[in-house]
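Report on one structure; see the data block that follows.
Derivation of every value follows stated rules applied to the coordinates shown; laboratory data play no part. Note that this is a predicted model, so its numbers are computed, not measured. Ideal geometry is used to build each Cβ from the backbone, glycine not excepted, and the neighbour counts take in all protein chains shown.
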Amino acid sequence: MGKLSFVLGAGLGYVLGARAGRGQYEKIKKASSKVWENPRVQANVQKVETKVTDVAKERGSAVTDKVAATVKEKLSGSGGAHSSDIPAGNTGRGTDGPLEPTPPQPQV
């Protein structure tokens with residue numbers, strides 16, 4: 001809904017601006033700036049930013065926990081590659097240094 005609202009608002013703004021000319025555009029711009037600078041609006045913006053940050057941290061740690069659990073499971077030998085599957089002398093490292101972590105794959 002957010003993208004749709006944005007596109008509709010942008011389209012409406014374009015149409016109104018094109019019909020009304022530069023003077024009306026300046027009035028709309030001034031009014032929108034006044035609304036944006038309103039302390040109540042800014043307080044709500046701050047609340048939303050805080051909530052988004054908290055959710056991102058929460059979800060990020062959940063993903064980290066799931067990845068750690070998956071790695072532990074694979075290293076413990078349940079369903080994953082065993083050390084006997086790796087050829088002798090192969091440390092799993094290329095000539096450029098340690099391996100980079102791969103992103104988690106969706107479970108099927």
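Annotations
- The magnitude of the dipole of the range 10-75, with charges of +1 and -1 set on the Cβ of Lys/Arg and Asp/Glu and taken from the Cα centre, is near 300 debye.
- Partner lysines whose Cα lies under 27 Å from the Cα of K29, excluding those fewer than 8 positions away in the same chain, are identified as K3, K47.
- Sparse-neighbourhood loop sites, GluC sites (Glu not before Pro) in the range 1-69 - DSSP loop, at most 14 other Cβ within 10 angstrom: E37
- Dimensionless Rg/Rh of the range 10-75 - Kirkwood Rh, Rg from C-alpha atoms: 1.40
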